[in-house]
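The values are calculated or read from the model by the stated rules, or taken from the named source; none is laboratory data. Worth saying up front: this structure is predicted, and the values here are computed from it rather than measured. Glycine also receives a Cβ, built like all others from the backbone with ideal geometry; neighbour counts cover every protein chain displayed. What goes into the accessible areas is simple: the full protein's heavy atoms, side chains included, and nothing from ligands, DNA or RNA. Shrake-Rupley method; radii C 1.70, N 1.55, O 1.52, S 1.80 Å.
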Amino acid sequence: MKQQKRITFNSKFGLVMASVGSAVGLGNIWRFPCEAGEHGGGAFLIVYVFCVMILGLSVMLAEFFLGRASQKDAVGTFKVLAPGTMWKITGYNGVLAAFLIFGFYSVVSGWTLEYIYQSATGNLNVSSVEEFTGNFEKFTADAFRPVVWIFIFTLITHIVVMSGVKKGIERTSKLMMPLLFVILIILCVRSLMLPNAIEGVKFFFKPDFSKITSDVVLSALGQAFFSVSVGMACMITYASYFNKSINMPNTAISVVTLDTLVAILAGVVIFPAVTSFNISPSQGPALVFITLPNIFQQMPFGNLWSLIFFVLLAIAALTSIISLHEVVTAYLHEQYKLSRNKATAIVSLCGFAVGVVCSLSFGVLSHFKIFGIIIFDLLDFVTANLMLPLGGMFICIFVGWFINKKVLKDELTNNGTIKFRLFCIFVVVIRYVAPIIIALICIKKLGLF
Ligand code: TRP
């Protein structure tokens, strides 16, 4: 492969933190507990862990291979490794998915800032769940306030990405991720000390196998891909900044394990709190923004706990949205030879515009529905349930069938200097297991059988 001078992450720690930062996000703390709560707790957890550890991990490693072998952005990767073919469409799918996810992700990220503000100023102090729900709905439907928060969040993201891979992305992740773990552990301890916490722990960990349906499996797969940031070339882009001595199989295992750990810890924070206050765990997206603050208010120092929790959520969101931004920025910068500053500015502006439209879909645009759902939900559905699984499937097929096995092995073992004992299993998964499972699930989802 042609070797060019490319920026790389400074240290192994920094690179793992940046990748974990991308993986750990609203997906773990906001989306995962909702999905688990709606799909039967423990049963969902088991299917999810299987999907992450087998499929998520393999797709991530395949993406690491592509990025480091080509040293290019999402689209450039396919242009270098399969010149003159249609494979670059997989790259375009990734860039588009990143851009669309950026849009709805910035909306929820903005909400976290509002809730930080509300907790800090003591305004979350209301007496009933109805009032909480009312306030949340009023806020999200507002045409102005959420947009201001999206603007601020996008601006912060913009500054980080513009500062570059080392000074922006790596430095921010190295600072934020350890902080995130500390906060998460404090909250876990607090939650487990609540009366009746054990019921929540039971709900979360005790599987009821009768609950495993095809719907549960699809949701678990979509959630797994979303959570470890695979299927849309995000990890391709990050891996293009890895240096050649990094042990990629181990890095992928660390990232996936830490990501799963955060999701599980988030469940340990949320479910005991929910059962302790006698609330149903299957609340959907409202769980984190309505139920939790309501629970916090019933504890001593409620505002402080809310504040800590929403800071956690904002940190998780920031390091993830940076990675979404970087995918598109790297693409514009490398494919159109724009300066990094210009590319960053274009992505921030366009991403902000999509964010605003998504936000308005809760208010003035709420009557505008496509396939019966508002724009925000549409983007969430299309990206997580279609673009990521399909992107992941094509990435597996490409790496499994079109890349020379020796080239693949050499890259993954750093030319034989490190061991990768599970190489054969990895090849079987990306050649057969992952594409077949993903195809079956997508066909089922589209209602074709
Ligand atoms: N993984 C992040 C989360 O859990 C979201 C995310 C960031 C993502 N980059 C991605 C999802 C790339 C899919 C692909 O919140």
(message) Please go through the stretch 121-130 and give me each residue that is surrounded by 12 or more Cβ atoms within 10 Å (Cβ to Cβ) and over 17 Å from L304 (Cα atoms), ordered by number.
(response) V129
(message) Of everything in the stretch 209-253, what is in contact with an Asp or Glu (Cβ under 8 Å, 6 or more places away or on another chain) and outside any helix (DSSP H, G or I)? Give them in sequence order.
(response) V228, V230, A233, S240
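Results for (1) within 16 Å of the ligand (Cβ to nearest atom); (2) among the acidic types (D, E); (3) modelled with pLDDT under 95, shown as yes or no for each residue.
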{"position": "V95", "(1), (2), (3)": "yes, no, no"}
{"position": "A98", "(1), (2), (3)": "yes, no, no"}
{"position": "N123", "(1), (2), (3)": "no, no, yes"}
{"position": "V147", "(1), (2), (3)": "no, no, no"}
{"position": "M162", "(1), (2), (3)": "no, no, no"}
{"position": "R171", "(1), (2), (3)": "no, no, no"}
{"position": "F181", "(1), (2), (3)": "yes, no, yes"}
(request) Name, by its number, the condition in (1) away from the ligand (no atom under 16 Å from the Cβ); (2) surrounded by 15 or more Cβ atoms within 10 Å (Cβ to Cβ); (3) under 28 Å from L386 (Cβ atoms); (4) among the polar types (S, T, N, Q) that does not hold for S191. (result) (3)
(request) Go through (1) touching a strand residue (DSSP E or B) at 6+ places or on another chain (Cβ under 7 Å); (2) not hydroxyl-bearing (S, T, Y); (3) not in a helix (DSSP H, G or I) and name the single condition L378 misses. (result) (3)
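Any idea which of L261, L365, L313 is modelled with pLDDT under 95, within 15 Å of the ligand (Cβ to nearest atom) and either in a helix (DSSP H, G or I) or among the aliphatic types (A, V, I, L, M) (or both)?
The match here is L313.
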(request) Pick out, from the stretch 1-60, the helices (runs of 4 or more DSSP H) lying fully within it that include 1 or more residues that are at pLDDT 90 or above, open to solvent by 30 Å² or more (accessible area, probe 1.4 Å) and over 21 Å from V216 (Cα atoms). (result) 12-23
(message) Quick test of your reading of the structure: V428 fulfils all but one of (1) open to solvent by less than 80 Å² (accessible area, probe 1.4 Å); (2) in contact with a Ser or Thr (Cβ under 9 Å, 6 or more places away or on another chain). Name the failing condition by number.
(response) (2)
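Which residue out of S339, S254, S280, S245 is within 16 Å of the ligand (Cβ to nearest atom), surrounded by fewer than 24 Cβ atoms within 10 Å (Cβ to Cβ) and either more than 30 Å from I395 (Cα to Cα) or at pLDDT 90 or above (or both)?
Answer to the check: S254.
Within the group A233, A197, which residue is open to solvent by less than 50 Å² (accessible area, probe 1.4 Å) and either touching a Phe, Trp or Tyr at 6+ places or on another chain (Cβ under 8 Å) or away from the ligand (no atom under 16 Å from the Cβ) (or both)?
On the way: A233 fails: either touching a Phe, Trp or Tyr at 6+ places or on another chain (Cβ under 8 Å) or away from the ligand (no atom under 16 Å from the Cβ) (or both).
Going through A233, A197 in turn, just one is open to solvent by less than 50 Å² (accessible area, probe 1.4 Å) and either touching a Phe, Trp or Tyr at 6+ places or on another chain (Cβ under 8 Å) or away from the ligand (no atom under 16 Å from the Cβ) (or both): A197.
Does I308 satisfy the criteria of being away from the ligand (no atom under 16 Å from the Cβ), open to solvent by 10 Å² or more (accessible area, probe 1.4 Å) and modelled with pLDDT of 95 or more? Give the derivation first.
On the way: away from the ligand (no atom under 16 Å from the Cβ): yes; open to solvent by 10 Å² or more (accessible area, probe 1.4 Å): yes; modelled with pLDDT of 95 or more: no.
For I308, the condition - away from the ligand (no atom under 16 Å from the Cβ), open to solvent by 10 Å² or more (accessible area, probe 1.4 Å) and modelled with pLDDT of 95 or more - is not met.
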